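Colleague: Mind looking over this structure? Questions follow.
The values are calculated or read from the model by the stated rules, or taken from the named source; none is laboratory data. It should be emphasised that the depicted structure is a prediction, and the values quoted were computed from it without experimental measurement. Every residue, glycine among them, receives a Cβ derived from its backbone with ideal geometry; neighbour counts consider all protein chains shown. Surface areas here come from the heavy atoms of the whole protein model, side chains and all, with no ligands, DNA or RNA. Shrake-Rupley method; radii C 1.70, N 1.55, O 1.52, S 1.80 Å.
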Amino acid sequence: MPHLINKNPDHLTRDSHGIRREDIPRNALTVTDGLVRKGYQAYLVGGCVRDLVAGLEPKDFDVATDARPEEIRKVFRSCRLIGRRFRLAHVHFGRDYIEVATFRGSGTGNEKQRRTENGRILADNVYGSLDEDAHRRDFTVNALYFDPQCEEVLDFVGGFDDLTQQRIRLIGDPEARFREDPVRLLRAVRFAAKLSLDIDPATESPMAGLAGLLRDVPSARLFDEMLKLLMGGHGLASYRLARKYGFFDVLFPDTVRVMANNDGYHAMLEAAMANTDDRIRTGKPVTPAFLFATLLWPAYCEALQLQGNGDKPNFVIRQNAADQVIASQVRRISVPRRFSSPMREIWQMQPRFAVQRGKKAKRLMSHPRFRAAYDFLLLRVREDPNLEPLAQWWTEIQELSPSAVNRRLFGQRRRSRRGRGGNGRGDGGGHADET
Ligand code: ATP
Ligand code: MG
């Protein structure tokens, strides 16, 4: 990125940015103080400074320094170096650690970064000075440095103004910076959603046109990024932005194609995102398996239909459909098996809700994945309102005492049939067999 490098940062004092040394956890201060005592520069940088300025609680506190990894290790006994090409230092404090990175440059000299034809950076392994480190970061709001010694924030790129004016802006030429690392497209959306920022027009204008670059990003990195995007507490807003710029068309092509003709799926996915945000806000667990079960459900339903009825048993049809959807999806975003297995289970359990009596219903209720599958059934009501009575029935039965559950499931046939009639059929996708 051969744009102008500003070597003279704004020095913002405590009155303007409001961050005090006391706002920084002790472990992080131990690291910065330790480095400074040995004559190195040491700043807090990135997400933590951004979040503190914005009045949010940072997730973690990262340190940037001019000390080289080997030198950092000499300062702290509990230090481990990780990464092969570009080494980072982790300074450990019991189970906690602080990540310390040596300033990096963009390698505009002889050590040019390796790039693909599209401009993507392959190796990002050149040390640099503080000002270079600031300019190789992605967004201006992510390039603020807090100096705990004098409680100043150093700003080389106008990040503080952008943040106070609720604007997210790439450093340098936006298109070139997105090409260097297309994941920045998703990061733009994520930070805009998380911090309620508007995307600066110059940064925004190439975004939709560059969505296709996400195809080149390694699928494992996209999986991680997807979790940050949708399971960070601002999933709905992030999802809407990612759809707006066409990122979902690239990341979930099958699902988006099916959704184009079905508003129900649209409502279902939005509800899933809103639920996830709620659960995070109220401290309830969320799992990628459930999230991906939702994101891929439209594609799965289509695959089921295409499998037809044929002469294969239903469970085989369902397995084939799931295989097909997962095989197609992992070409874009890898879904580790520890998540794809429970995701399959959530799907495979759906038809079993149609059985509202006897041992099969009882077994369903004691299945370890019952609660997730039931939550998923509730979401499906958004897509297919005919499922409402069935979902209601499963909601009610969970509120009964064990003996009342038994009466409901194993009671007189006549009584139960009456109960059933009043609850509608609601088998949903036409795959309501009991296998
Ligand atoms: P979060 O709160 O989600 O952790 P963060 O800003 O700390 O947000 P990280 O992914 O932890 O994000 O990255 C830490 C810092 O490293 C960023 O603030 C940014 O300065 C820099 N950075 C991270 N990813 C990139 C990237 N793809 N391109 C350039 N700089 C990056
Ligand atoms: Mg971070």
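Colleague: Just one of Ala89, Ala42, Ala67 is of a type in the set (Gly, Ala, Ser), open to solvent by less than 10 Å² (accessible area, probe 1.4 Å), more than 13 Å from ligand 2 (Cβ to nearest atom) and touching a Cys at 6+ places or on another chain (Cβ under 7 Å); which is it?
Modeller: Details: Ala42 fails: touching a Cys at 6+ places or on another chain (Cβ under 7 Å); Ala67 fails: touching a Cys at 6+ places or on another chain (Cβ under 7 Å).
It is Ala89.
Colleague: Taking the conditions exactly as written (surrounded by fewer than 16 Cβ atoms within 10 Å (Cβ to Cβ) and at pLDDT 95 or above), does Gly212 satisfy them or not?
Modeller: Details: surrounded by fewer than 16 Cβ atoms within 10 Å (Cβ to Cβ): yes; at pLDDT 95 or above: yes.
For Gly212, the condition - surrounded by fewer than 16 Cβ atoms within 10 Å (Cβ to Cβ) and at pLDDT 95 or above - is met.
Colleague: Here is a follow-up. Run down Val31, Val36 and say which single residue is within 16 Å of ligand 2 (Cβ to nearest atom), touching a residue at least 60 places away in the same chain (Cβ under 8 Å), of a type outside the set (Lys, Arg) and not in a strand (DSSP E or B). Talk me through it step by step, then tell me what you get.
Modeller: Numbers: Val36 fails: within 16 Å of ligand 2 (Cβ to nearest atom).
Every option except Val31 fails the conditions.
Colleague: Shifting gears a bit: Restricting the search to the range 379-391, which residues are more than 23 Å from the chain's Cα centre (by Cα) and within 17 Å of Arg352 (Cβ to Cβ)?
Modeller: Matches in the range 379-391: Val381, Asp384, Leu387, Pro389, Leu390, Ala391.
Colleague: Take the residues in the range 182-192 that are away from ligand 2 (no atom under 16 Å from the Cβ) and touching a Lys or Arg at 6+ places or on another chain (Cβ under 9 Å); name whichever of them is nearest to Ser106 (Cα to Cα).
Modeller: Ranking the candidates gives Pro182 first.
A quick yes/no check of all residues on (1) surrounded by fewer than 19 Cβ atoms within 10 Å (Cβ to Cβ); (2) in a helix (DSSP H, G or I); (3) at pLDDT 95 or above:
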position	(1), (2), (3)
Pro342	no, yes, yes
Trp347	no, yes, yes
Lys359	yes, yes, no
Arg371	yes, yes, yes
Leu377	no, yes, yes
Val381	no, yes, yes
Asn386	yes, yes, yes
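Colleague: Taking the range 62-105 as the search range and keeping residues that are among the small types (Gly, Ala, Ser) and in contact with a helix residue (DSSP H, G or I) (Cβ under 7 Å, 6 or more places away or on another chain), which one is nearest to Leu35 (Cα to Cα)?
Modeller: Among them, the one singled out is Ala67.
Colleague: Right, another one. Considering only the range 242-287, state which residues are touching a Lys or Arg at 6+ places or on another chain (Cβ under 7 Å) and β-branched (Val, Ile, Thr).
Modeller: Val250, Val286
Colleague: Now for a separate question. Looking at (1) more than 10 Å from ligand 1 (Cβ to nearest atom); (2) open to solvent by less than 20 Å² (accessible area, probe 1.4 Å); (3) out of contact with any Ser or Thr (no Cβ under 6 Å at 6 or more places or on another chain), which is the one condition that is false for Pro182?
Modeller: It fails just one condition, (1).
Colleague: Can you tell which of Arg84, Arg80, Arg73, Arg137 is part of a loop (DSSP other than H, G, I, E, B), modelled with pLDDT of 95 or more, on the phi < 0 side of the Ramachandran plot and open to solvent by 20 Å² or more (accessible area, probe 1.4 Å)? Working first, answer last.
Modeller: Numbers: Arg84 fails: modelled with pLDDT of 95 or more; Arg80 fails: part of a loop (DSSP other than H, G, I, E, B); Arg73 fails: part of a loop (DSSP other than H, G, I, E, B).
Within the list Arg84, Arg80, Arg73, Arg137, the selection yields Arg137.
Colleague: Considering only residues that are closer than 20 Å to Asp216 by Cα and touching a residue at least 12 places away in the same chain (Cβ under 8 Å), which ones fall in the range 326-348?
Modeller: Narrowing the range 326-348 to residues closer than 20 Å to Asp216 by Cα: 326-336.
Ile326, Ser328, Gln329, Val330, Arg331, Arg332, Ile333, Ser334, Val335, Pro336, listed by residue number.
Colleague: Restricting attention to the range 100-134, which residues are at pLDDT 95 or above and more than 24 Å from Glu71 (Cβ to Cβ)?
Modeller: Answer for the range 100-134, where residues must be at pLDDT 95 or above and more than 24 Å from Glu71 (Cβ to Cβ): there is none.
Colleague: For the condition open to solvent by 10 Å² or more (accessible area, probe 1.4 Å), of a type in the set (A, V, I, L, M), in a helix (DSSP H, G or I) and assigned by TED's automatic domain parsing to the domain that holds Met343, what is the one hit in Ala267, Ala299, Ala237, Ala293?
Modeller: Working: Ala299 fails: open to solvent by 10 Å² or more (accessible area, probe 1.4 Å); Ala237 fails: assigned by TED's automatic domain parsing to the domain that holds Met343; Ala293 fails: open to solvent by 10 Å² or more (accessible area, probe 1.4 Å).
Matching residue, one of Ala267, Ala299, Ala237, Ala293: Ala267.
Colleague: Of the residues that make up the range 50-62, is at least one under 24 Å from Ser106 (Cα atoms), within 12 Å of ligand 1 (Cβ to nearest atom) and assigned to a helix (DSSP H, G or I)? Break it down stepwise before answering.
Modeller: Step one: filter the range 50-62 for residues under 24 Å from Ser106 (Cα atoms), giving 50, 61-62.
When the remaining residues are screened for being within 12 Å of ligand 1 (Cβ to nearest atom), the result is 50, 61-62.
Imposing the further condition that a residue be assigned to a helix (DSSP H, G or I) reduces the set to 50.
Among the residues of the range 50-62, at least one is under 24 Å from Ser106 (Cα atoms), within 12 Å of ligand 1 (Cβ to nearest atom) and assigned to a helix (DSSP H, G or I), which makes the answer yes.
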